[in-house]
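Here the structure is laid out as structure tokens; the discussion comes afterwards.
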Amino acid sequence: MLEPDATACPCCQGRLHKIGEDVSEVLDVIPAMLRVLRTIRPKYACRGCTDGVVQAKVLPRLVEAGMVSTALVAHVVVSKFACYLPLYRQVQILAGQGIHLDRATLAGWGSVRLGGSRAL
């Protein structure tokens, strides 16, 4: 809401009263946000034993031993196949956001199936 600088009548300096309002709308965009999701798995050990180390199991990833989330893989695949955005253009867009990846890396993500096995 944008209020006027003064709400006093310019003629008599009396208090002005609201009689209505004008509303305008503009279409805006919030660009894609890339972020690093950090998972911390603390290790616990018994001071009295030598074999008592306990730690939570690693969560499964779509790309085994990769640093990519399922959401980013889905974004790349949908951009390529549904929006017809070639991988070299996606690499350029990511580079503009400070993420430097090879086109072959993105192509590998497109061939991943659930469970970590590669498509034939």
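The values are calculated or read from the model by the stated rules, or taken from the named source; none is laboratory data. Just so it is clear, the model here is predicted, and its values are computed rather than measured. Please note: Cβ atoms are built from the backbone with ideal geometry, for glycine as well, and neighbour counts cover all protein chains shown. Surface accessibility is based on the protein's heavy atoms, side chains included, excluding ligands, DNA and RNA. Shrake-Rupley method; radii C 1.70, N 1.55, O 1.52, S 1.80 Å.
Brief remarks follow.
- Carbon plus sulfur fraction of accessible area for the chain, probe 1.4 Å, in percent: 59 percent
- From its DSSP helices (H runs of at least four residues, each -39,500 (n - 2.57)), the chain gives a residue-normalised ellipticity at 222 nm of -7500 deg cm²/dmol.
- Accessible area per residue for the chain, computed on protein heavy atoms with a 1.4 Å probe, is 93 Å².
- q = 0.15, 0.23 Å⁻¹: log10 I(q)/I(0) that the Debye formula gives for the chain, counting C-alpha atoms only: -0.84, -1.37
- Förster radius 41 Å - calculated FRET efficiency between Met33 and Cys9 (Cβ-Cβ, nearest 0.05): 0.30
- Stretch gain in nm, segment Ser24-Ile93, where the contour uses 0.36 nm per residue and the Cα spacing is subtracted: 21.7 nm
- Length added when fully stretched, Cys46-Ser111, from 0.36 nm per residue minus Cα-Cα: 19.0 nm
- Sites Ala56 and Ala104 - FRET efficiency at Förster radius 35 Å, r taken between beta-carbons, to 0.05: 0.60
- Treating r as the C-beta distance of Glu64 and Tyr84 and R0 as 25 Å, the FRET efficiency rounds to 0.30.
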